[in-house]
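Down below is the structure, laid out as structure tokens.
The values are calculated or read from the model by the stated rules, or taken from the named source; none is laboratory data. Not measured: the values here are computed from a predicted model. Glycine also receives a Cβ, built like all others from the backbone with ideal geometry; neighbour counts cover every protein chain displayed.
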């Protein structure tokens, strides 16, 4: 960058470095990109954020879970989450659980259904309200995270969360994933696969659910009226769990 | 007698030379720099400010989602993990541990972050 500036200073009449041939070839590549893959380009506009650019509140990530498609007994989303984030997969009270399957039974009709439960990525997150060190925070794009560098492990957020979505790491961990640092003495929860979302990918649970053929988890931008999730929540009835709390969750459920 | 004086003088000069040499080259830790190569800043600068660079970038990544910066801890590990153990910890010759032991500074990063280089599927074959 500096070099270019210096160049124009010392040589104000000089043309830009790009010669005509190079310019033509480069622009034709750009045009070809437009022509060949309009879908890809649209995808980039929706999800791709240039590296080095901060997240903005123009985007709000969320998920829609279709309870009718979610199969009772299927655990693929939980397994995928554990693998992606390096969780042990244990279910002892001291094991971290970022996502779990909850079974619901209608006592009147006897109908049993199950749904995945995880951090609901609230717009007004109680965990953020109670955090004494501001370690629990909401990113501009709606993802609720714990900054473990400043988390003191007081666990107020664990108590405040109406969804019991947060876990505390009780013991020393080894062999964490490069993208998912985790450590003893801090609180953690579903990150909405933030490391994948930042790369323009979908969450591990949604990917696993699609792969299993259930298509029960739809991930996308709630602020984009043209996204699949926005269209879906506009056309079918969906609900927030404990909507009475007025937290405006980013994760919504359909068919419960 | 003259011989003795001469010998003593030689002995002294050798001793002084050794002392000067030792002062010039203190017992710096012998580190396994892993892959090494061109660092993001001059090594001299990195020794004194790497923690500040890391801390600055960690906040931007964590709170603003700005990934892919050049000062990431993952990249430190990628270049400097030992080629034999694949880690920046584990011995007093390991890149991070070796220097931190020498400088008597506690190293907290790797209680949460992995100290091991990410092994790609191709490399592990």
If we keep only residues of the stretch A:110-130 that are modelled with pLDDT under 95 and surrounded by fewer than 17 Cβ atoms within 10 Å (Cβ to Cβ), then the residue farthest from residue A:251 (Cα to Cα) is A:110
Restricting to the stretch A:145-155, and then to whatever is more than 8 Å from chain B (Cβ to nearest Cβ) and under 29 Å from residue A:242 (Cα atoms), can you tell me which residue is surrounded by the fewest Cβ atoms within 10 Å (Cβ to Cβ)?
A:152
Is it true that some residue in the stretch A:169-176 is in contact with a strand residue (DSSP E or B) (Cβ under 8 Å, 6 or more places away or on another chain), more than 27 Å from residue A:240 (Cβ to Cβ) and touching a residue at least 60 places away in the same chain (Cβ under 8 Å)?
yes
Sort through A:220, A:142 and tell me the only one that's surrounded by 15 or more Cβ atoms within 10 Å (Cβ to Cβ), more than 11 Å from chain B (Cβ to nearest Cβ) and assigned to a strand (DSSP E or B).
A:220
Checked A:194, A:172, A:158, A:180 against criteria (buried (at least 20 other Cβ atoms within 10 Å of the Cβ) and either within 9 Å of chain B (Cβ to nearest Cβ) or within 25 Å of residue A:60 (Cα to Cα) (or both)); the one match is A:194
For residue B:58, state whether it is within 11 Å of chain A (Cβ to nearest Cβ), surrounded by 12 or more Cβ atoms within 10 Å (Cβ to Cβ) and free of Cβ contacts under 8 Å to residues at least 40 places away in the same chain.
yes
Would a scan of the stretch A:229-245 turn up a residue that is within 14 Å of chain B (Cβ to nearest Cβ) and either without any contact (Cβ under 8 Å) to a residue 60 or more places away in the chain or within 19 Å of residue A:83 (Cα to Cα) (or both)?
no
Residue A:226 more than 10 Å from the chain's Cα centre (by Cα) and more than 14 Å from every other protein chain (Cβ to nearest Cβ):
yes
Any residue at all in the stretch B:57-64 that is part of a loop (DSSP other than H, G, I, E, B) and at pLDDT below 95?
no
Within the stretch B:61-73, residues within 8 Å of another protein chain (Cβ to nearest Cβ), exposed (fewer than 15 other Cβ atoms within 10 Å of the Cβ) and in contact (Cβ under 8 Å) with a residue 12 or more places away in the chain come out as none
If you check B:89, B:31, B:45, B:107, which single one turns out to be surrounded by 15 or more Cβ atoms within 10 Å (Cβ to Cβ) and more than 14 Å from chain A (Cβ to nearest Cβ)?
B:31
Among the residues of the stretch A:197-211, how many are buried (at least 16 other Cβ atoms within 10 Å of the Cβ) and not in a helix (DSSP H, G or I)?
3
Checking residue B:114 against (1) surrounded by 15 or more Cβ atoms within 10 Å (Cβ to Cβ); (2) in a loop (DSSP other than H, G, I, E, B); (3) more than 10 Å from chain A (Cβ to nearest Cβ), only one condition comes out false. Which one?
(3)
